[in-house]
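Chemist: Quick one: this structure, given as structure tokens, is what I'll be asking you about.
The values are calculated or read from the model by the stated rules, or taken from the named source; none is laboratory data. This structure is a prediction, so every number in the text was calculated from the model and none was measured. For neighbour counting, all protein chains shown are included, and Cβ atoms are generated from backbone atoms with ideal geometry for every residue, glycine included.
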Amino acid sequence: MSSYYEMMITVCDMAPDRKDAIEEAARAEWDFGDGYEGEGSMTLSGDGRLCGGESEDQFAERITKAVWKANGQFCAVEVSATYLESLPYETYQLDKDDYDRLQKATK
């Protein structure tokens, strides 16, 4: 069974000459979309599925190890996992009374 997630990683204090290698390594582990860079940091995010019973913790370890290997040394890696299959949400449905009230308010 697979679980649908948005994964976001932020990598800080990486070796400046290893940025492309780090991005390539991260993209090999997850389908990240466009990212953005700051001063000495990079953030990537993307939606996908954890498969084969992999947990969020296991994914965090897997992606962090890939980043460290590409960096050639330790750097800070933050992994944020958002489970997308059961997010809280609100449903709104306005009725005829709401329609009348809103029509009066715009006059």
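Chemist: Residue by residue through the stretch 18-46, note down the ones that are closer than 11 Å to ILE63 by Cβ and out of contact with any helix residue (DSSP H, G or I) (no Cβ under 9 Å at 6 or more places or on another chain).
Modeler: Listed by number, the list holds a single entry, ARG27.
Chemist: Identify, by number, the condition in (1) in contact (Cβ under 8 Å) with a residue 40 or more places away in the chain; (2) buried (at least 17 other Cβ atoms within 10 Å of the Cβ) that GLY72 doesn't meet.
Modeler: Checking GLY72 against (1) in contact (Cβ under 8 Å) with a residue 40 or more places away in the chain; (2) buried (at least 17 other Cβ atoms within 10 Å of the Cβ), the one that fails is (2).
Chemist: Among the residues of the stretch 3-10, is any free of Cβ contacts under 8 Å to residues at least 60 places away in the same chain and aromatic (Phe, Trp, Tyr)?
Modeler: no
Chemist: Restricting attention to the stretch 47-61, which residues are within 15 Å of VAL77 (Cβ to Cβ) and in contact with a helix residue (DSSP H, G or I) (Cβ under 9 Å, 6 or more places away or on another chain)?
Modeler: PHE59, the sole residue that qualifies.
Chemist: Using the structure shown, decide if ASP31 is modelled with pLDDT of 95 or more, in a loop (DSSP other than H, G, I, E, B) and either under 12 Å from the mean Cα position of the chain (by Cα) or buried (at least 17 other Cβ atoms within 10 Å of the Cβ) (or both).
Modeler: Judged against the criteria, ASP31 is a match.
Listed here are the residues, each with its yes/no results for (1) free of Cβ contacts under 8 Å to residues at least 12 places away in the same chain; (2) over 26 Å from TRP30 (Cα atoms).
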{"residue": "THR64", "(1), (2)": "no, no"}
{"residue": "VAL67", "(1), (2)": "no, no"}
{"residue": "GLU78", "(1), (2)": "no, no"}
{"residue": "THR82", "(1), (2)": "no, no"}
{"residue": "SER86", "(1), (2)": "yes, no"}
{"residue": "TYR92", "(1), (2)": "yes, yes"}
{"residue": "ASP95", "(1), (2)": "yes, yes"}
{"residue": "ALA105", "(1), (2)": "yes, yes"}
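Chemist: Shifting gears a bit: With the condition kept exactly as written, say whether any residue in the stretch 26-45 is of a type in the set (S, T, N, Q), within 18 Å of SER80 (Cα to Cα) and touching a residue at least 60 places away in the same chain (Cβ under 8 Å).
Modeler: No, every residue in the stretch 26-45 fails to be of a type in the set (S, T, N, Q), within 18 Å of SER80 (Cα to Cα) and touching a residue at least 60 places away in the same chain (Cβ under 8 Å).
Chemist: May I ask you to verify whether MET14 is buried (at least 17 other Cβ atoms within 10 Å of the Cβ), hydrophobic (A, V, I, L, M, F, W, C) and part of a strand (DSSP E or B)?
Modeler: Spelling it out, it is not the case that MET14 is buried (at least 17 other Cβ atoms within 10 Å of the Cβ), hydrophobic (A, V, I, L, M, F, W, C) and part of a strand (DSSP E or B).
Chemist: Considering each residue of the stretch 51-92, count those that are in a loop (DSSP other than H, G, I, E, B) and either within 17 Å of the chain's Cα centre (by Cα) or among the acidic types (Asp, Glu) (or both), and give that number.
Modeler: The qualifying residues number 8.
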